[in-house]
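Worksheet for the structure shown next.
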Amino acid sequence: MLPTPAADPLTVLEALQWRYATKMFDAARTIPAELWSNLEQSLVLSPSSYGLQPWKFLVIEDPSLRSELRPFSWNQSQITDASHLVVFLAKRTIDGSDLDRLIEATSTIREQPIEQLAFYRSMMQKDLLDGPRSALIDQWSTNQLYIALGTFMTAAALLGIDTCPIEGFSPPDYDRLLGLEASPYRSAVVCAAGYRSADDKYASLAKIRYSTAELIEHR
C-alpha cells in the first residue's frame, strides 16, 4: 500500500516559494525540540549514491563555539543568531571498510545473506575504489552532502523553519576548531536554521528565477 502523501503539491510549492536564504535570524526564537528532531531525521533519511552515506552532521549547540566559528565565517550573523547550526562533514576517503559497512547493514536490516550482496559490493568497488572516480572521491563525497543539504532545507521549509546554506567560511579553520584535522571527516558546507528576523529585508524580496520554459526542456 502506498503511503498517504505528507503534503499536497500546492503546499510543497508554497513552502518553496516561502523559503529564502535567511540573512538575519531572530536570536530570541528557538526551534522546538520535536521539530528539530524531525529535521535531524531528514538528514538521516537523505539519499546518497549507492546508499553509502559518506557523511556526518555536526550540530553546534555550544554558544561559545559558535562565537569562535563566526570570524571564520565572514563574520556572518547567522552563525551565532540562528537557533541551530549544522556543519556538514564529508568523508575524506572511501575504502573497502566503507563498502563492507554498508553491505553488513543491508544484510542485517533486510535479513539478506551477505553472499547475495556480493555483486553490489563489487560494483561499488569497481566504481569508487578501482575506477576513474577514485581519483575524484573527495569531490564525490562533497556532492553527496549537497543532496543532504537540499533535503534538509526542503524539510525545514515544509515545517515553516528558515534556513541559510553557507559556503562562505574557512574549512581549515573550522576543522581546527572542531577537532577534525585528524578525523576521517572534513567540513564542507554549513547550514543555519531558525526563524527569520522581522528586520530581514530579504524576506520580502521577490525571487529571481528564470522561466520554466528556459530551464525545463522536454525531449
Check: Where residues in region 189-201 are surrounded by 12 or more Cβ atoms within 10 Å (Cβ to Cβ) and either free of Cβ contacts under 8 Å to residues at least 24 places away in the same chain or out of contact with any Pro (no Cβ under 7 Å at 6 or more places or on another chain) (or both), which of them is farthest from Leu58 (Cα to Cα)?
Finding: Asp200
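Go through region 1-77 and tell me which helices (runs of 4 or more DSSP H), entirely inside it, have 1 or more residues that are closer than 27 Å to Thr142 by Cα and touching a strand residue (DSSP E or B) at 6+ places or on another chain (Cβ under 7 Å).
On the way: elements: 9-18, 33-44, 63-69.
Of the helices (runs of 4 or more DSSP H) lying wholly inside region 1-77, those with at least 1 residues that are closer than 27 Å to Thr142 by Cα and touching a strand residue (DSSP E or B) at 6+ places or on another chain (Cβ under 7 Å) span 33-44, 63-69.
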Checklist line | Meets criteria (over 30 Å from Asp199 (Cβ atoms), under 21 Å from the mean Cα position of the chain (by Cα) and small (Gly, Ala, Ser)) for Ser77 | finding: no
Next item on the list: Of all residues in region 92-147, count the ones that are surrounded by 12 or more Cβ atoms within 10 Å (Cβ to Cβ), more than 20 Å from Trp55 (Cβ to Cβ) and of a type in the set (Val, Ile, Thr).
Entry: 1
Next item on the list: Determine whether region 197-218 contains at least one residue that is in contact with a strand residue (DSSP E or B) (Cβ under 9 Å, 6 or more places away or on another chain), within 17 Å of Leu43 (Cα to Cα) and of a type outside the set (A, V, I, L, M).
Entry: no
Note to self: Show the residue pairs meeting these rules: Cβ distance below 9 Å; 6+ apart or different chains; first residue within region 20-45 and on the phi < 0 side of the Ramachandran plot and buried (at least 17 other Cβ atoms within 10 Å of the Cβ); second residue aromatic (Phe, Trp, Tyr) and in a loop (DSSP other than H, G, I, E, B).
What the structure shows: Thr22/Tyr195; Phe25/Tyr195; Asp26/Tyr195; Ile31/Tyr195
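Within region 56-70, identify whether any single residue is of a type outside the set (A, V, I, L, M, F, W, C), closer than 30 Å to Arg133 by Cα and either out of contact with any Asp or Glu (no Cβ under 9 Å at 6 or more places or on another chain) or surrounded by 13 or more Cβ atoms within 10 Å (Cβ to Cβ) (or both), and answer yes or no.
Initial filter on region 56-70 (of a type outside the set (A, V, I, L, M, F, W, C)): 56, 61-64, 66-68, 70.
Those still in the list that are closer than 30 Å to Arg133 by Cα too: 56.
Next cut, either out of contact with any Asp or Glu (no Cβ under 9 Å at 6 or more places or on another chain) or surrounded by 13 or more Cβ atoms within 10 Å (Cβ to Cβ) (or both) only: 56.
Yes; the residues of region 56-70 include at least one that is of a type outside the set (A, V, I, L, M, F, W, C), closer than 30 Å to Arg133 by Cα and either out of contact with any Asp or Glu (no Cβ under 9 Å at 6 or more places or on another chain) or surrounded by 13 or more Cβ atoms within 10 Å (Cβ to Cβ) (or both).
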Note to self: Looking at region 75-96, can you tell me whether even one residue there is within 21 Å of Asp200 (Cα to Cα), in contact with a Lys or Arg (Cβ under 6 Å, 6 or more places away or on another chain) and free of Cβ contacts under 8 Å to residues at least 60 places away in the same chain?
What the structure shows: yes
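Read-outs: derived from the displayed coordinates by stated rules, not from any lab. Because the structure is a prediction, the values reported are computed rather than measured. Note: ideal-geometry Cβ built from the backbone for every residue, glycine included; neighbour counts use all protein chains shown.
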